[in-house]
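Written out below as structure tokens is the structure these notes cover.
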Amino acid sequence: MVMQKNVCVIGAGIAGLAAAKAFASHGHRVTILERSGDLGGVWEPARSYPEVQTQSPKELYRFTDRPMPSHYPEWPKGPQVHAYLADYARSHDLLPLMQFHTTVTGMARREDGQPGWTLATTDSAGTRSATSYDFVAVCTGQFNERKELHHPGEESFKAAGGVILHSAEHTDPSRVKGKKVVVLGGSKSATDIAVHSVRAGASAVTFVYREPVWRIPYFVGGLINFKRILYIRAQEEMFPGWGRSGLSRIKHAIAKPLVWVHWRGLESLLKMQLKLKTCDMVPEGRIEDGVNCSVPIATPGFFPMVADGRITAIRGTFDHYDGKTIVMAGGQRVDADVAVLAIGFKLDVPFLPQAYRDKLVQPDGQYRLYRVIANPDLPEMGFVGFNSSFCSVLTAEMAANWLVRYADGKLAKQPSADAMHADMDMMLRFKRAERPAAGVYGGLCVAPYHFKHFDELLDDMGATVRRRGALAEKFLPPDADAYARFLASAPAYQAAPFDAEAVVA
């Protein structure tokens with residue numbers, strides 16, 4: 001019999017909602033701690049830049065038990081995603097479980113001899129508390145701690161009226177109107193902000209990037225929705241995966257010339273469609289070598305704006321500020337009123353004691369997580385939403401459903417600590433030697449192997465239904481409704497409330 005647990009979910013973004021719903025639906029008592037004043041994570045309005053929208057189509061950016069509203073566009077805007085998440089939380093009675101403005105500052109193993117952790121927290125008034133839990137689900141994700149970047153002269157730049165913002169702080173579109181804007185970074189957020197700044201009436205927009213990268217338009221060739229390329233199993237199988245059999249290696253060797261032609265054709269199409277040569281932004285590497293979670297979607301309008309001069313693109317980075325001028329590493333001088341640093345986030349679990357962080361994170365930054373979810377050296381703990389992919393809502397939900405079964409000892413294939421360590425060692429070797437592109441974000445990116453990742457999780461959970469029809473499974477993107485059926489086919493159970501009187505008797 002599984003006994004009811006007191007479970008703490010850290011974070012109220014997509015992963016936190018998925019974890020809270022999974023644990024609560026199996027009968028556990030759940031508390032959600034969120035350091036900000038609202039749910040949504042990256043979709044919280046207070047940290048969303050203007051005109052932000054999903055990189056994934058709405059049918060792929062949803063929970064299995066709730067589609068996005070039919071009137072939403074295919075790529076919903078930030079406020080729409082936030083409204084969807086808020087509605088999801090309400091419909092599953094998750095809002096009463098949330099404690100906002102509560103920051104986890106530390107954690108330690110329980111001192112009462114019981115399994116679990118004691119979490120130290122601080123609220124908005126500065127009040128400190130310590131609460132013990134039987135299990136902790138870390139759902140802070142990969143976009144939690146902002147990266148910082150400082151250059152000489154920034155104080156004088158600010159003193160002269162200049163503004164320096166991280167992209168997550170750029171929430172007011174009026175801030176750039178009539179201003180000279182410089183955007184640093186190569187991610188989609190950087191190109192989004194550059195394009196929005198032009199449309200919002202900036203007097204000049206400069207885009208500063210280290211090197212060109214392959215970007216995928218929403219419609220490849222203007223006709224094919226990119227989900228039918230990046231999100232299908234047939235495409236995924238072009239990438240050699242881990243744990244391959246001898247027969248699989250032979251098949252990949254035979255198909256290698258055809259796969260090479262496929263990628264070269266896609267590169268040629270992207271060069272023409274996006275006018276990469278005109279923009280002098282043709283990437284040096286092969287597209288297949290860089291397919292991972294960091295592959296950005298091409299912001300509509302970005303390359304045309306670079307081509308016609310509305311956006312000035314400079315390859316390089318900042319060197320220093322000189323009054324209201326930003327001097328680049330190559331010596332170029334750019335007048336600026338607003339500098340937006342779209343430099344991303346750093347992956348960290350700052351509240352975890354150093355001894356446990358050392359067990360979790362390797363010296364090269366790679367994370368030791370079995371199935372990208374758990375580590376036996378960190379007992380009564382798991383990570384949801386760290387398994388980033390091209391369909392991050394589904395990966396978070398799958399991880400949450402796997403984790404609750406792992407915590408309750410209810411996986412159909414409950415792994416031993418030795419088996420988990422052997423698998424983690426194998427995956428680290430794969431990411432370091434065979435597929436270096438898989439090492440981004442601490443090695444926690446499962447793209448382009450999301451189907452393989454889902455297959456493993458479903459197999460572990462004992463799902464009796466794991467595939468659609470042969471053609472659909474091969475050539476269609478993941479289907480949230482289908483994964484609802486797959487999850488429903490796993491053995492069901494409920495945790496029993498803890499009866500203290502029965503234990504005493």
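Some notes on this structure:
- Amide H within-cut-off set for HIS166, under 5 Å, with H built and near neighbours excluded: LEU341
- Taking only the C-alpha atoms of region 1-142, the Rg (one decimal) and the largest Cα-Cα distance, Dmax (whole number), read 16.3, 53 Å.
- One equal scatterer on each Cα of the chain, no solvent, Debye formula: the resulting log10 I(q)/I(0) at q = 0.08 Å⁻¹ is -0.53.
- Cα principal axis extents for region 259-316, largest first, Å: 37, 22, 21
- Rounded to whole Hz, the Karplus (6.51, -1.76, 1.60) HN-Hα couplings of region 148-160, x for glycine and proline: 10, 8, 10, 9, x, x, 5, 5, 5, 4, 5, 4, 7
- Averaging Cα coordinates gives a centre for region 431-452 and one for region 266-287; these two points are 24 Å apart.
- Dividing the helix sum by the residues of the chain, where each DSSP H run of 4 or more adds -39500 (n - 2.57), gives a mean residue ellipticity at 222 nm of -9000 deg cm²/dmol.
- Region 200-308 - percent relative contact order, Cα under 8 Å, separation 6 or more: 42 percent
- Whole-Hz ³J(HN,Hα) from phi, Karplus 6.51 cos²θ - 1.76 cosθ + 1.60, for region 238-244, glycine and proline x: 6, 9, x, x, 8, x, 6
- Checked against a 32 Å cut-off, the cross-linked pairs LYS271/LYS324; LYS21/LYS177; LYS77/LYS452; LYS275/LYS452 give Cα-Cα distances beyond that limit for LYS271/LYS324; LYS21/LYS177; LYS275/LYS452.
- Phi to ³J(HN,Hα) by Karplus 6.51 cos²θ - 1.76 cosθ + 1.60 over region 258-268, Hz, x for Gly, Pro: 5, 5, 4, 5, 4, 5, 5, x, 5, 4, 4
- Under the convention that each Lys and Arg Cβ holds +1 and each Asp and Glu Cβ holds -1, the size of the dipole of region 154-344 around its Cα centre is about 700 debye.
- For LYS346, the lysines whose Cα comes closer than 19 Å to its Cα, not counting residues fewer than 8 places off in the same chain, are LYS147, LYS188, LYS359.
- Relative contact order (%) - criterion: Cα under 8 Å, at least six apart; region: the chain: 21 percent
- In region 23-102, the alpha-carbon atoms span a convex hull of 94 Å³ per residue.
- Projected-area average for region 95-208 over all orientations - Cα convex hull basis, square nanometres: 11.2 nm²
- Under 13 Å of direct C-alpha separation, and excluding same-chain neighbours fewer than eight residues apart, LYS474 reaches these aspartates and glutamates: GLU236, GLU237.
- Dipole in debye (nearest 20) - the chain, about Cα centre, beta carbon charges: Lys, Arg +1; Asp, Glu -1: 1420 debye
- Each label point was placed 7 Å from the Cα along the Cα-to-Cβ direction; for LYS158 and ALA255 their separation is 5.3 nm.
- Cut-off under 5 Å, modelled amide H: who pairs with THR105 long-range: ALA120, THR121, THR122
- log₁₀ of I(q)/I(0) at q = 0.19 Å⁻¹ - region 289-382, Debye sum with one point per alpha carbon: -1.00
- Between the amide H of VAL183 and those of THR206, PHE207, VAL208, VAL340, distances stay under 5 Å, these residues lying 5 or more places away or on another chain, with hydrogens modeled in the peptide plane.
- Electrostatic dipole magnitude of region 33-112 [Cβ: Lys, Arg +1; Asp, Glu -1; Cα centre; debye, to 20]: 100 debye
- Cysteines, the chain, no other Cys beta-carbon under 4.7 Å: CYS8, CYS139, CYS279, CYS391
- Think of the chain as having a plus end and a minus end, set by charges on the Cβ of Lys, Arg, Asp and Glu; of ILE297, VAL327, HIS71, ILE297 sits farthest toward the positive end of this dipole.
- Cα-only Debye scattering, region 154-344: base-10 log of I(q)/I(0) at q = 0.09, 0.12, 0.16, 0.18 Å⁻¹: -0.41, -0.66, -0.98, -1.16
- Ranking of ASP460, ASP319, ASP481 by count of other Cβ atoms within 10 Å, fewest first: ASP481, ASP319, ASP460
- Dipole of the chain, positive end: most advanced residue of GLY309, GLY41, LEU444 [Cβ charges, Cα centre]: GLY309
Read-outs throughout are calculated quantities, based only on the coordinates presented, and are distinct from any laboratory measurement. Bear in mind that the values here come from a model prediction, so they are computed numbers and not experimental data. Neighbour counts run over all protein chains shown; Cβ positions are idealised from the backbone, glycine included.
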